[in-house]
Amino acid sequence: MTYTIYGHCNELTAEQCSRADRVIGSGMIEHVFGDVVAFHDLELEDVAAACALMAEYGMTVDAELYEEHTDGSYCELVEVTDPDTLNTAAVKAAESEEPMKRKQRFTSAETSINSKKLPRGYKYADIPAGAVVLDYGCGKHVEHLQRTATDRGWTWYGFDPFNRTETENRPAVDVIETRNADYVLCCNVLNVIDDSETVDDVIRAAVSACKVAAVFTVYEGNRTGTGRQTGRDSWQRNERRAAYVDRIRSAGYQVTRKGEYIVVTR
(Lines give C-alpha, C1' and ligand atoms only; values in the text may rest on other atoms or scores of the structure.)
Protein backbone atom coordinates (compact mmCIF):
# COMPACT_ATOMS: atom_id res chain seq x y z
CA MET A 1 0.00 0.00 0.00
CA THR A 2 1.24 3.49 -0.87
CA TYR A 3 -0.07 6.88 0.25
CA THR A 4 -0.68 10.46 -0.90
CA ILE A 5 -0.60 13.73 1.02
CA TYR A 6 -1.58 17.14 -0.33
CA GLY A 7 -0.21 20.61 0.25
CA HIS A 8 -0.68 24.13 -1.01
CA CYS A 9 1.94 26.61 -2.20
CA ASN A 10 2.39 29.35 -4.76
CA GLU A 11 5.31 27.68 -6.51
CA LEU A 12 7.03 24.30 -6.57
CA THR A 13 10.51 24.58 -8.06
CA ALA A 14 12.52 21.99 -9.95
CA GLU A 15 15.20 22.24 -7.24
CA GLN A 16 12.65 21.41 -4.55
CA CYS A 17 11.43 18.39 -6.54
CA SER A 18 14.99 17.18 -7.06
CA ARG A 19 15.82 17.52 -3.37
CA ALA A 20 12.65 15.65 -2.39
CA ASP A 21 13.76 12.79 -4.63
CA ARG A 22 17.10 12.69 -2.82
CA VAL A 23 15.99 12.92 0.79
CA ILE A 24 12.69 10.98 0.85
CA GLY A 25 13.01 7.25 0.35
CA SER A 26 9.84 6.82 -1.72
CA GLY A 27 7.27 8.84 -3.61
CA MET A 28 7.30 11.86 -5.89
CA ILE A 29 6.20 15.44 -5.33
CA GLU A 30 4.53 17.38 -8.13
CA HIS A 31 2.24 20.28 -8.90
CA VAL A 32 -1.35 19.15 -9.54
CA PHE A 33 -3.41 22.24 -10.28
CA GLY A 34 -3.79 25.78 -9.00
CA ASP A 35 -1.84 25.96 -5.76
CA VAL A 36 -2.27 22.24 -5.00
CA VAL A 37 0.80 20.00 -4.66
CA ALA A 38 0.69 16.22 -4.19
CA PHE A 39 3.34 13.95 -2.69
CA HIS A 40 2.25 10.51 -3.86
CA ASP A 41 3.51 6.90 -4.05
CA LEU A 42 4.76 7.24 -0.46
CA GLU A 43 5.53 4.30 1.77
CA LEU A 44 3.93 4.68 5.19
CA GLU A 45 7.33 5.03 6.88
CA ASP A 46 8.10 8.07 4.68
CA VAL A 47 4.84 9.97 5.25
CA ALA A 48 6.09 11.90 8.30
CA ALA A 49 9.35 12.91 6.61
CA ALA A 50 7.45 14.00 3.49
CA CYS A 51 5.10 16.14 5.58
CA ALA A 52 8.09 17.71 7.34
CA LEU A 53 9.81 18.47 4.05
CA MET A 54 6.68 20.06 2.58
CA ALA A 55 6.34 22.21 5.69
CA GLU A 56 10.01 23.17 5.35
CA TYR A 57 9.21 24.32 1.81
CA GLY A 58 6.62 26.66 3.29
CA MET A 59 3.61 24.64 2.15
CA THR A 60 0.35 24.34 4.00
CA VAL A 61 0.00 20.57 4.42
CA ASP A 62 -3.44 18.95 4.55
CA ALA A 63 -4.02 16.73 7.55
CA GLU A 64 -5.63 13.89 5.59
CA LEU A 65 -3.74 10.78 4.53
CA TYR A 66 -4.97 8.86 1.48
CA GLU A 67 -4.44 5.26 0.47
CA GLU A 68 -3.67 4.72 -3.21
CA HIS A 69 -5.74 1.90 -4.73
CA THR A 70 -4.42 1.26 -8.22
CA ASP A 71 -6.32 -0.69 -10.86
CA GLY A 72 -4.38 -0.69 -14.10
CA SER A 73 -3.81 2.94 -15.04
CA TYR A 74 -6.45 4.26 -12.63
CA CYS A 75 -5.61 5.25 -9.07
CA GLU A 76 -8.40 5.79 -6.56
CA LEU A 77 -7.59 7.74 -3.40
CA VAL A 78 -9.32 6.61 -0.23
CA GLU A 79 -8.99 8.74 2.91
CA VAL A 80 -7.40 6.82 5.76
CA THR A 81 -9.68 6.60 8.79
CA ASP A 82 -8.57 3.24 10.16
CA PRO A 83 -7.18 3.82 13.67
CA ASP A 84 -4.50 1.14 13.32
CA THR A 85 -3.11 2.73 10.16
CA LEU A 86 -3.24 6.20 11.65
CA ASN A 87 -1.56 4.96 14.82
CA THR A 88 1.17 3.36 12.71
CA ALA A 89 1.65 6.65 10.90
CA ALA A 90 1.85 8.43 14.25
CA VAL A 91 4.51 6.00 15.44
CA LYS A 92 6.50 6.59 12.25
CA ALA A 93 6.17 10.32 12.80
CA ALA A 94 7.46 9.98 16.36
CA GLU A 95 10.39 7.91 15.12
CA SER A 96 11.21 10.52 12.51
CA GLU A 97 11.61 13.11 15.26
CA GLU A 98 14.57 11.15 16.62
CA PRO A 99 16.64 10.21 13.54
CA MET A 100 19.78 9.70 15.62
CA LYS A 101 18.10 7.02 17.70
CA ARG A 102 16.31 5.27 14.87
CA LYS A 103 19.13 3.69 12.87
CA GLN A 104 22.43 3.95 14.67
CA ARG A 105 24.36 0.79 15.49
CA PHE A 106 26.60 2.83 17.80
CA THR A 107 25.05 5.39 20.14
CA SER A 108 28.44 7.00 20.93
CA ALA A 109 26.84 8.09 24.20
CA GLU A 110 30.08 7.31 26.01
CA THR A 111 31.86 10.05 24.05
CA SER A 112 29.86 12.67 25.99
CA ILE A 113 32.51 13.37 28.61
CA ASN A 114 32.96 17.16 28.83
CA SER A 115 31.36 18.55 31.96
CA LYS A 116 33.27 21.86 31.96
CA LYS A 117 34.73 22.47 28.49
CA LEU A 118 32.39 24.15 26.02
CA PRO A 119 31.87 22.48 22.63
CA ARG A 120 33.49 24.37 19.78
CA GLY A 121 30.10 25.39 18.40
CA TYR A 122 29.49 27.57 21.46
CA LYS A 123 32.37 29.79 20.36
CA TYR A 124 30.50 30.77 17.21
CA ALA A 125 30.24 34.54 17.53
CA ASP A 126 27.17 35.36 15.45
CA ILE A 127 24.42 34.27 17.86
CA PRO A 128 22.94 37.37 19.52
CA ALA A 129 21.38 37.80 22.93
CA GLY A 130 17.68 37.00 22.92
CA ALA A 131 18.09 34.09 20.50
CA VAL A 132 16.37 30.74 20.97
CA VAL A 133 19.17 28.16 20.69
CA LEU A 134 18.70 24.40 20.31
CA ASP A 135 21.66 22.10 20.98
CA TYR A 136 20.96 19.03 18.84
CA GLY A 137 22.92 16.16 20.39
CA CYS A 138 23.85 18.08 23.54
CA GLY A 139 25.22 15.11 25.50
CA LYS A 140 24.62 14.31 29.16
CA HIS A 141 26.61 17.17 30.76
CA VAL A 142 24.50 20.26 30.17
CA GLU A 143 24.82 22.39 33.30
CA HIS A 144 27.78 24.40 31.92
CA LEU A 145 25.96 24.76 28.60
CA GLN A 146 22.88 26.13 30.33
CA ARG A 147 24.99 28.56 32.38
CA THR A 148 26.74 29.80 29.27
CA ALA A 149 23.42 30.25 27.47
CA THR A 150 22.01 32.22 30.40
CA ASP A 151 25.12 34.43 30.54
CA ARG A 152 24.72 35.20 26.83
CA GLY A 153 21.01 35.90 27.07
CA TRP A 154 19.92 32.87 25.06
CA THR A 155 16.87 30.72 25.61
CA TRP A 156 18.47 27.26 25.51
CA TYR A 157 17.08 23.80 24.76
CA GLY A 158 19.03 20.55 24.69
CA PHE A 159 18.10 17.41 22.75
CA ASP A 160 19.87 14.05 22.92
CA PRO A 161 17.97 10.74 22.65
CA PHE A 162 20.87 8.72 24.04
CA ASN A 163 21.94 10.90 26.95
CA ARG A 164 18.72 12.58 28.10
CA THR A 165 15.40 11.15 29.26
CA GLU A 166 12.16 11.58 27.34
CA THR A 167 11.02 14.10 29.95
CA GLU A 168 14.25 16.08 29.66
CA ASN A 169 14.00 16.05 25.85
CA ARG A 170 10.33 17.04 25.71
CA PRO A 171 10.83 20.86 25.67
CA ALA A 172 13.42 20.52 22.90
CA VAL A 173 11.17 18.18 20.91
CA ASP A 174 8.44 20.84 21.10
CA VAL A 175 10.91 23.35 19.64
CA ILE A 176 11.87 20.89 16.89
CA GLU A 177 8.25 20.16 16.03
CA THR A 178 7.30 23.85 15.85
CA ARG A 179 10.57 24.85 14.16
CA ASN A 180 10.91 27.55 16.77
CA ALA A 181 14.69 27.72 17.25
CA ASP A 182 16.56 30.70 15.87
CA TYR A 183 19.84 28.81 15.86
CA VAL A 184 20.69 25.12 16.09
CA LEU A 185 24.09 23.95 17.32
CA CYS A 186 25.12 20.43 16.35
CA CYS A 187 28.56 19.85 17.84
CA ASN A 188 30.61 16.75 16.99
CA VAL A 189 27.48 14.70 16.33
CA LEU A 190 27.65 13.90 12.61
CA ASN A 191 31.14 12.43 12.86
CA VAL A 192 30.12 9.72 15.37
CA ILE A 193 27.25 8.31 13.27
CA ASP A 194 28.16 5.24 11.27
CA ASP A 195 25.17 5.20 8.93
CA SER A 196 25.28 7.82 6.16
CA GLU A 197 21.49 7.91 5.80
CA THR A 198 21.19 8.83 9.47
CA VAL A 199 23.78 11.57 8.98
CA ASP A 200 21.52 13.02 6.29
CA ASP A 201 18.48 12.65 8.57
CA VAL A 202 20.19 14.50 11.41
CA ILE A 203 21.29 17.31 9.09
CA ARG A 204 17.75 17.66 7.79
CA ALA A 205 16.23 17.60 11.28
CA ALA A 206 18.69 20.20 12.61
CA VAL A 207 18.23 22.56 9.68
CA SER A 208 14.45 22.15 9.68
CA ALA A 209 14.29 23.17 13.35
CA CYS A 210 15.95 26.58 12.85
CA LYS A 211 14.74 29.92 11.53
CA VAL A 212 18.12 31.60 11.03
CA ALA A 213 21.01 29.13 10.89
CA ALA A 214 22.25 25.69 11.88
CA VAL A 215 25.90 25.54 12.96
CA PHE A 216 27.71 22.21 12.70
CA THR A 217 31.13 21.31 14.04
CA VAL A 218 32.83 17.98 13.40
CA TYR A 219 35.90 16.12 14.57
CA GLU A 220 37.90 14.94 11.56
CA GLY A 221 39.68 12.04 13.28
CA ASN A 222 42.52 10.72 11.11
CA ARG A 223 40.96 12.37 8.01
CA THR A 224 41.19 9.22 5.91
CA GLY A 225 37.46 9.02 5.19
CA THR A 226 37.44 5.43 6.43
CA GLY A 227 35.16 5.00 9.41
CA ARG A 228 35.95 2.62 12.25
CA GLN A 229 34.69 1.51 15.63
CA THR A 230 36.56 3.37 18.36
CA GLY A 231 35.00 1.85 21.46
CA ARG A 232 32.45 -0.64 22.67
CA ASP A 233 29.61 1.60 21.53
CA SER A 234 31.26 4.38 19.56
CA TRP A 235 32.19 5.19 15.98
CA GLN A 236 34.33 7.75 14.15
CA ARG A 237 33.73 8.62 10.48
CA ASN A 238 37.21 10.17 9.98
CA GLU A 239 35.88 12.50 7.29
CA ARG A 240 37.21 15.97 6.49
CA ARG A 241 34.99 19.00 7.00
CA ALA A 242 34.86 19.47 3.25
CA ALA A 243 33.07 16.12 2.93
CA TYR A 244 30.30 17.29 5.25
CA VAL A 245 30.01 20.59 3.37
CA ASP A 246 29.63 18.67 0.10
CA ARG A 247 27.03 16.36 1.65
CA ILE A 248 24.98 19.30 2.96
CA ARG A 249 25.24 21.23 -0.30
CA SER A 250 24.18 18.19 -2.34
CA ALA A 251 20.99 18.06 -0.25
CA GLY A 252 20.09 21.51 -1.58
CA TYR A 253 20.99 23.65 1.43
CA GLN A 254 22.79 26.99 1.40
CA VAL A 255 25.98 26.17 3.27
CA THR A 256 29.20 28.06 3.97
CA ARG A 257 32.32 27.11 5.84
CA LYS A 258 33.60 29.66 8.34
CA GLY A 259 36.85 28.22 9.62
CA GLU A 260 35.90 25.28 11.82
CA TYR A 261 32.19 26.05 11.53
CA ILE A 262 29.83 24.65 8.89
CA VAL A 263 26.91 27.06 8.70
CA VAL A 264 23.60 26.40 6.97
CA THR A 265 21.44 29.50 6.60
CA ARG A 266 17.68 29.56 6.02
(message) Please go through the range 99-122 and give me each residue that is exposed (fewer than 12 other Cβ atoms within 10 Å of the Cβ) and modelled with pLDDT of 75 or more, ordered by number.
(response) K116, K117
(message) Considering only the range 199-218, I want to know if a residue exists there that is in the same structural domain as K116 (by TED's automatic domain parsing), acidic (D, E), surrounded by 14 or more Cβ atoms within 10 Å (Cβ to Cβ) and within 13 Å of the chain's Cα centre (by Cα).
(response) yes
(message) Of everything in the range 28-59, what is closer than 25 Å to I203 by Cβ, part of a strand (DSSP E or B) and touching a residue at least 24 places away in the same chain (Cβ under 8 Å)? Give them in sequence order.
(response) I29, V37, F39, D41, L42
(request) Can you run down the residue pairs with Cβ atoms below 9 Å, 6 or more apart or on separate chains, where the first is in the range 106-122 and over 15 Å from L185 (Cβ atoms) and the partner is aromatic (F, W, Y) and modelled with pLDDT of 65 or more? (result) F106/W235; T107/F162; S108/F162; S108/W235; A109/F162
(message) Need the failing condition index for V202 against (1) in contact with a Leu (Cβ under 8 Å, 6 or more places away or on another chain); (2) free of Cβ contacts under 8 Å to residues at least 12 places away in the same chain, just the number.
(response) (2)
(request) Identify, by number, the condition in (1) over 18 Å from E260 (Cβ atoms); (2) out of contact with any Ser or Thr (no Cβ under 9 Å at 6 or more places or on another chain); (3) assigned to a helix (DSSP H, G or I) that I203 doesn't meet. (result) (1)
(message) Can you find, within the range 167-194, the residue that is nearest to G130 (Cα to Cα) among those that are assigned to a loop (DSSP other than H, G, I, E, B) and of a type in the set (D, E, K, R)?
(response) R179
(request) Among residues belonging to the range 143-166 that are charged (D, E, K, R) and in a loop (DSSP other than H, G, I, E, B), point out the one that is nearest to F106 (Cα to Cα). (result) D160
(request) Filter the range 183-198 down to the residues that are β-branched (V, I, T) and buried (at least 22 other Cβ atoms within 10 Å of the Cβ), then identify the one that is farthest from Q16 (Cα to Cα). (result) V192
(request) Scan the range 128-181 for residues that are under 20 Å from K116 (Cα atoms) and among the β-branched types (V, I, T) and report the count. (result) 5
(message) Just the residues that are farther than 21 Å from E68 by Cβ and not small (G, A, S), please, taken from the range 1-22.
(response) C9, N10, E11, T13, E15, Q16, R19, R22
(request) For Y253, state whether it is touching a Gly at 6+ places or on another chain (Cβ under 8 Å) and either of a type in the set (S, T, Y) or not assigned by TED's automatic domain parsing to the domain that holds Y136 (or both). (result) no
(request) Collect the residues in the range 227-239 that are in contact (Cβ under 8 Å) with a residue 12 or more places away in the chain and loosely packed, with under 15 Cβ neighbours inside 10 Å, keeping them in residue-number order. (result) Q229, G231, R232
(request) Within the range 1-27, count every residue that is farther than 22 Å from S196 by Cα and either without any contact (Cβ under 8 Å) to a residue 40 or more places away in the chain or surrounded by 17 or more Cβ atoms within 10 Å (Cβ to Cβ) (or both). (result) 12
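The values are calculated or read from the model by the stated rules, or taken from the named source; none is laboratory data. This structure is a prediction, so every number in the text was calculated from the model and none was measured. All Cβ positions, glycine included, derive from the backbone under ideal geometry; neighbour counts span all protein chains shown.
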